[in-house]
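The values are calculated or read from the model by the stated rules, or taken from the named source; none is laboratory data. These numbers come from a predicted model, not from an experiment. Glycine also receives a Cβ, built like all others from the backbone with ideal geometry; neighbour counts cover every protein chain displayed.
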Amino acid sequence: MRPGPFQYSKPETLEQALDAVLNGAVPLAGGQSLIQAMRLRFTEPTSIVDLNSIADLSDEINCEPGVVTIGALTTHRQLAEHSTVRDEFPWLAKAATELGDVQVRNRGTVLGNVCWADPRANMAVALLASDAVINTGSASTDGKIEQIPIVDFFAGFRRTVLNARLAISIELVRESNTVGSYIEFSRQRQDLALCNVCVVHRNSGTAVAVGGIDQRPIRLSQLEPVLRDQGLSNNLLTTRIKQTIAESRLDPIDDQYGSPDFKQHLAATLIERAIEKCIDGGDHA
Amino acid sequence: MPEPNETNGGRNTWPIQISVNGIRVARNVEPRMLLIDFLRTQAQLSGPRIGCEEGACGACTVELNGCTIKSCLTLAVQADGGSVTTIEGVAENDTLSKVQKAFVECHAVQCGYCTSGMIMSARAFLDSVGSADFSDDDVRQALSGNYCRCTGYNNIIQAVKVAAGKETAPAHLDADSTPDDSWIGQPVVRREDSRLVRGGGRYTDNYGGAEDLHLVIVRSQRAHAKIKAIDTTAAKAAPGVALVLTGKEALAHWQPIAPTTDMLDLNLPRKHAIAHDKVIYYGEPVAIVVATDPYLAEDAAQLVVVDYEDLPVNTDIRTAVDVAADNSGLLYPQWGSNVQFESPFEIGDVDAKFAAADLVVDEEIVSHRIGAMPMETRMVHADFDRADQRLVIRASTQVPHQMRMYMSKVFGIPETHIQVVVGDVGGGFGAKLSVDTELIPALAAILLGRPVKWFESRSEWMFAGPAARDYKIRARAAFDSNGKLLACESDVLADMGCDGAERGAGLGMPLNGAIYMVGAYLVDTYRSRVRCVVTNKPPYNAYRGYGKDLANFMIERVLDQAADRLEIDPVEIRRTNLLTNYPHHLCTGPIIENGSLREALDKIVDAMDLDELRREQANALQTGRYIGICVVPYIEPSGGAFPGSAFQNYESVTVRVAADGSVLVMTGIQNIGQGIETAYAQVTADLLGCHMSDVSVVWGDTTAIPFGSGTFSSRGAMYAVGAIVDAAEKIKTRLLLGAAVLLECSVEELEIKNSVVKSNKSDSSCTLAELAFACYVQPGAEIILNNADAPLLEAHGTYRHPQVNWKFDEKGRAQFYPSHPGGAAAAMVEVDPETGRVDVLKIWMVADHGVILNPLILSGQTKGGVVQQIGATIYESFEYDTDGIPYARTMKDYGMPTVWAAPPIHLEHLVTKSPATSVGAKGGGEDGCIATTTVLMGAVEDALRPFGVKVMDGQLTPARIRALVADAQAE
């Protein structure tokens, strides 16, 4: 199958792109999820705005003291190969490396993966545990940058809170003594994750993100204080993880790969393994 | 900001230019045009191919601005101003690149459909690593975005290492070399690969042009419903539309689908290829739209509105089998039940043996629904010449002559006026043995008098393509205390989907399973019952293994249980019961002509170093790792021939030596990637004494080749080769007679070798080319072939297997499979009891196919079959919700095995020459798909022995394995 008809624009300025988005155009960066859905005619946008010629949107990863900014057009491959990311955020590099395949990583963008908001999207889960911030712009606010913490970003199955705003970059806080681990469970390696987790442990606290057990990638916020207060090496960890998941109000995904109970069991197992990995020094790229 | 052009059709287009392999291609294109379509239709390339629509298969892989991408997940406008390299741009000055050469030498190509994309990815990987060292997993990481359905990936990984200079290619021979002795048995690299690694190939989608119309099938959104009305008004008014037709409107123009099998008292649906009254599965065709391009055809198809009245949906075979005669849940009310065919069999006093047994094993076994999933879907290019009343069909099928026959039956056009042309086929595995949906584009071409193309989309295949397996079984066996098998019983419920005989050729699979459950063992008391039941799912077609997989796991799973309960070593219980003397007459009818099952079992145990593996297993358990091992024998009945079908017990060829000494072999066996261009040339070269490079093999065109049943049941090495022997002997006699005249000597003193005819008494000699020219022209046949039985160097040869027997005895027994290759298979797996993941660590096989024509090709097919069945067992599944709607919409959803799924495979051969063929080959190619599921089930059970679980469901997904463990822990 092939995509339905749409109006196409390829603006050169961010302002034009924001106008297009305000008028309902769907942004196209790498298109590795969007074009697939358009081919299957699951989604039929009437208008597409191609972001690839906009001078203000970058594929660069910008490293400044205290903050790393991932551009709107940064690909998974660029992220996975970036030396600062590999040194300071190796779990992100791992999540990017395990995403899709070479061809998809060459073309798909990190921000696009987050905005597609699949509940099992590697980058969504890994960035959710990293307390990333999404910088957005909108023609309705004259392009003023509005920051959305990623914990507030996901609205439902493949839905975000963006509405008529355009996501233009991702910011990550650089903090020393941070370790993290991303683990995904898929049938075959690099396949669609049935469940994926990311644990990031900082001086300020521990973040636990899970994909695959709810319509959205979620944080296990009830578990995080336990890890902060009682440390990662915790005798009751297995029980606490299971308990937290059991007490979360989840809206499971219906597919052929297993019951909600199975996926929740998987999530608990992977979280435990990711925490063990963090105790062990975390992922190394 | 750049602006689009407006065209008069109201479609906005963009001017773009892309440098394709160094040539600038500038066009105005619709923004929705995919780069793959631009490359194929605008840049006129054939290497990048469409295998899916979700960017999973990678057959469309090209390089854009130095990076590999999937051209089916990229819009052409996104590549504007860029530079694209495709497979066609890889060879320099026509010289194959290192990686292309390595793919040929390592036999990393079978059907070739994935090869273009695979080579692009391999090339990018080799460029990126440069001279650095790399591991097999690095290669897997680089190739995981490219599916291959044929090779099982091992040879591809090897080819990458060979291209990098890390390994040398396996021993091989080129077709233009000269072997010391015989071509048969030599690892000759395939001649077809030279075009396939360059992006060439004669796949159906490579044909057609701007004048083609494109057909899209509107498919049912219900699994079981009456069609109340179809509104096509909006679709007819849509741009570019040439024809919209509903099933009801089509009725006047054709007959129901011609069944692939019509025998005994089996029930046939007698349905048309487009539903007109009710639909019986989700995805069944209900209408068609034909338009000037595929995009417009899809747009219009969305505008067809169908009004349904729902009927009860049957997705569960146990419910479907009991649906009463008056119930609206019957798929075909005229049958009075949902049973398409029932086959009972009994021999010996089964009940007495069970009553007297020391041990009775009684198990419920399940095997889930999977499918062949070749890389190339089905497709047809149909053209009808109204003036001449001739129908010309290009199609992707395994059976060109059957297709011609069935087109003729359905449309009432004489077979003389139908030409079916099949080039390269991008994989078949049994799924392209029927003619059902292929009728639809033919109908459109007949009605329109214009060429019509239908290229089945992957989602159509997912919804409506042929499926296989899907059994619920009760298997019982009686043993004495020494593990001796006393009697067996099987009761098989087989889910045909909506039909296993008319739209597909799958109905024989469960029947085979029942016949061959006792196949490898000494047991003469047996009862079986097979019920083929219809449900609201897509049709059931043949798939590699064809029920011998079922036979294998029924008996072997039961034997493992017996071994466990009697505390006998699992290999020993096989040794106790394996048949000893050949020929062996099975109690179900067939005669196993000869073989080496016991030797194969001994050899595989040695090759594995089983005792050492058992020690490793025990050590691993100490560290919390669950490793399991399983070894079983198997038989691979091949060359099947079935009454009431066009799957017949003969094949014919025509062999022609031309005036220049070149040799043409014309065969009805269809090339689907199994290497017939090479293997048949090897055989012919040996028989005629010519150079292999002088022999060409032609297939697929019903006007050019002699009648043949086609490609199925691993028959080519017996049937086509047997026919070549027959034809070549006739021609060789004439050549020798002619040479005796030409060289003025006696026939007895002549021999032909390496295309030279020589006297062993004098220095006289001539080349085959000189002799052939003398026969044809100078002085001509009246002089040179005056003594011969015929004055030409062309002969028709036939082969009929002597071991087929269709005379049913009083017990209803016959023999459909004349030949029985066999061997032993083993697996070692590791299971994670927490997540349920099964990792296959290694597969072993010892196989006996009789005389091997070409070890490269045979091994390649076996390994490919192994990985297919690993996929079918651990990853793949067609599943339906209670409304009969399929879950899997993409190959990725379905679980196609990637390069990560391919473990190391240790493969050895034994050779027991077939008594029935002069070359001695028995056929092969399916064995990887016979015992792999069995050994995986057994190995997982073995790994989880500490938990005490039984593995009786052949679907080893994480969720199911985890459930087994969790249930065991809860007890």
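Among the residues of the stretch B:148-183, just one is farther than 27 Å from B:Glu376 by Cβ, outside any loop (DSSP other than H, G, I, E, B) and out of contact with any Pro (no Cβ under 8 Å at 6 or more places or on another chain), namely B:Lys161. Kindly check whether there is at least one residue in the stretch B:33-41 that is facing another protein chain (nearest Cβ under 9 Å) and either within 27 Å of B:Ser194 (Cβ to Cβ) or in a helix (DSSP H, G or I) (or both). Yes, the stretch B:33-41 has at least one match. So, in the stretch B:379-412, of the ones that are part of a helix (DSSP H, G or I) and among the hydroxyl-bearing types (Ser, Thr, Tyr), which residue ends up nearest to B:Ser457 (Cα to Cα)? In this case the residue turns out to be B:Tyr406. Looking only at residues in the stretch B:855-877 that are part of a helix (DSSP H, G or I) and within 20 Å of A:Leu192 (Cα to Cα), the one that is nearest to the other protein chains (Cβ to nearest Cβ) is B:Tyr875. Quickly run through the stretch A:181-194 and pick out the residues that are assigned to a strand (DSSP E or B) and either under 11 Å from A:Leu99 (Cβ atoms) or within 9 Å of chain B (Cβ to nearest Cβ) (or both). Scanning the stretch A:181-194 gives A:Tyr182, A:Glu184, A:Phe185, A:Ser186, A:Ala193, A:Leu194. Among the residues of the stretch B:105-143, those identified as over 29 Å from B:Asn854 (Cα atoms) and either within 10 Å of chain A (Cβ to nearest Cβ) or in contact with a Phe, Trp or Tyr (Cβ under 6 Å, 6 or more places away or on another chain) (or both) are B:Ala124, B:Phe125, B:Ser128, B:Asp137, B:Gln141, B:Ala142. The residues of the stretch B:463-490 that are within 14 Å of another protein chain (Cβ to nearest Cβ) and surrounded by 24 or more Cβ atoms within 10 Å (Cβ to Cβ) amount to a single one, B:Ala464. For the stretch A:261-285, the candidate set comprises residues that are farther than 28 Å from A:Ala80 by Cβ and within 11 Å of another protein chain (Cβ to nearest Cβ); within that set, the residue that is surrounded by the fewest Cβ atoms within 10 Å (Cβ to Cβ) is A:Asp261.
Quick check: anything in the stretch B:922-929 within 24 Å of B:Lys537 (Cα to Cα), part of a helix (DSSP H, G or I) and in contact (Cβ under 8 Å) with a residue 60 or more places away in the chain? The answer is yes; a qualifying residue exists. For the stretch A:143-154, which positions are under 15 Å from the mean Cα position of the chain (by Cα), outside any strand (DSSP E or B) and touching a residue at least 12 places away in the same chain (Cβ under 8 Å)? The answer is A:Ile150, A:Val151, A:Phe153.
Please work out if A:Ser83 is surrounded by fewer than 20 Cβ atoms within 10 Å (Cβ to Cβ), away from every other protein chain (no Cβ under 14 Å) and either in contact with a Phe, Trp or Tyr (Cβ under 8 Å, 6 or more places away or on another chain) or at pLDDT below 95 (or both). No: the conditions fail for A:Ser83. Just to be sure before I move on: is A:Asp56 surrounded by fewer than 24 Cβ atoms within 10 Å (Cβ to Cβ) and at the interface with another protein chain (Cβ under 10 Å from one of its Cβ atoms) in the structure I sent? The answer is no for A:Asp56.
The rows are residues; the columns are (1) modelled with pLDDT of 95 or more; (2) more than 29 Å from B:Phe647 (Cα to Cα); (3) crowded, with 18+ Cβ neighbours inside 10 Å; (4) among the small types (Gly, Ala, Ser).
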site: B:Arg219; (1), (2), (3), (4): yes, yes, yes, no
site: B:Asp231; (1), (2), (3), (4): yes, yes, no, no
site: B:Ala238; (1), (2), (3), (4): yes, yes, yes, yes
site: B:Leu245; (1), (2), (3), (4): yes, yes, yes, no
site: B:Glu249; (1), (2), (3), (4): yes, yes, no, no
site: B:Leu303; (1), (2), (3), (4): yes, yes, yes, no
site: B:Arg318; (1), (2), (3), (4): no, yes, no, no
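If only residues of the stretch B:12-22 that are touching a Gly at 6+ places or on another chain (Cβ under 9 Å) and part of a strand (DSSP E or B) are counted, the one that is nearest to the other protein chains (Cβ to nearest Cβ) is B:Ile16. Inside the stretch A:238-255, residues that are surrounded by 18 or more Cβ atoms within 10 Å (Cβ to Cβ), in a helix (DSSP H, G or I) and within 14 Å of another protein chain (Cβ to nearest Cβ) make up a count of 1. Summed over the stretch A:94-142, residues that are in contact (Cβ under 8 Å) with a residue 60 or more places away in the chain, under 19 Å from B:Gly55 (Cα atoms) and basic (Lys, Arg) total 2. If you go through the stretch A:163-180 and keep only what is more than 24 Å from A:Gly71 (Cβ to Cβ) and assigned to a strand (DSSP E or B), you end up with just A:Val179. Sub-6 Å Cβ pairs linking a first residue in the stretch A:28-49 that is over 14 Å from B:Cys72 (Cα atoms) to a second residue that is of a type in the set (Asp, Glu) and surrounded by fewer than 24 Cβ atoms within 10 Å (Cβ to Cβ), at least 6 apart or interchain, are A:Leu28/A:Asp50, ordered by first then second residue.
Just one residue in the set B:Val313, B:Val321 is away from every other protein chain (no Cβ under 14 Å), on the phi < 0 side of the Ramachandran plot and touching a His at 6+ places or on another chain (Cβ under 7 Å); that residue is B:Val313. All of (1) within 14 Å of chain B (Cβ to nearest Cβ); (2) of a type outside the set (S, T, N, Q); (3) within 27 Å of A:Pro149 (Cβ to Cβ); (4) assigned to a loop (DSSP other than H, G, I, E, B) hold for A:Gly258 with one exception: (3). Report yes if some residue within the stretch B:770-777 is within 20 Å of B:Cys690 (Cα to Cα), in contact with a strand residue (DSSP E or B) (Cβ under 7 Å, 6 or more places away or on another chain) and at pLDDT 95 or above; otherwise report no. Looking through the stretch B:770-777, at least one residue is within 20 Å of B:Cys690 (Cα to Cα), in contact with a strand residue (DSSP E or B) (Cβ under 7 Å, 6 or more places away or on another chain) and at pLDDT 95 or above. Picking from residues in the stretch B:127-163 that are buried (at least 21 other Cβ atoms within 10 Å of the Cβ) and without any contact (Cβ under 8 Å) to a residue 60 or more places away in the chain, the one that is nearest to B:Gly66 (Cα to Cα) is B:Ala142. Restricting the stretch B:878-908 to residues that are more than 9 Å from chain A (Cβ to nearest Cβ) and among the charged types (D, E, K, R), which is surrounded by the fewest Cβ atoms within 10 Å (Cβ to Cβ)? Ranking the candidates gives B:Asp883 first. Picking from residues in the stretch B:921-970 that are surrounded by fewer than 24 Cβ atoms within 10 Å (Cβ to Cβ) and of a type in the set (Gly, Ala, Ser), the one that is nearest to the other protein chains (Cβ to nearest Cβ) is B:Ala959. Looking at the stretch A:195-222 only, could you name the residues that are over 20 Å from A:Glu276 (Cβ atoms) and outside any loop (DSSP other than H, G, I, E, B)? Once the filter is applied, which keeps residues that are over 20 Å from A:Glu276 (Cβ atoms) and outside any loop (DSSP other than H, G, I, E, B), the stretch A:195-222 yields only A:Ile218. Restricting B:Asn28, B:Asn21 to residues that are surrounded by fewer than 23 Cβ atoms within 10 Å (Cβ to Cβ), in contact with a Pro (Cβ under 8 Å, 6 or more places away or on another chain), farther than 24 Å from B:Thr151 by Cα and modelled with pLDDT of 95 or more narrows the list to B:Asn28.
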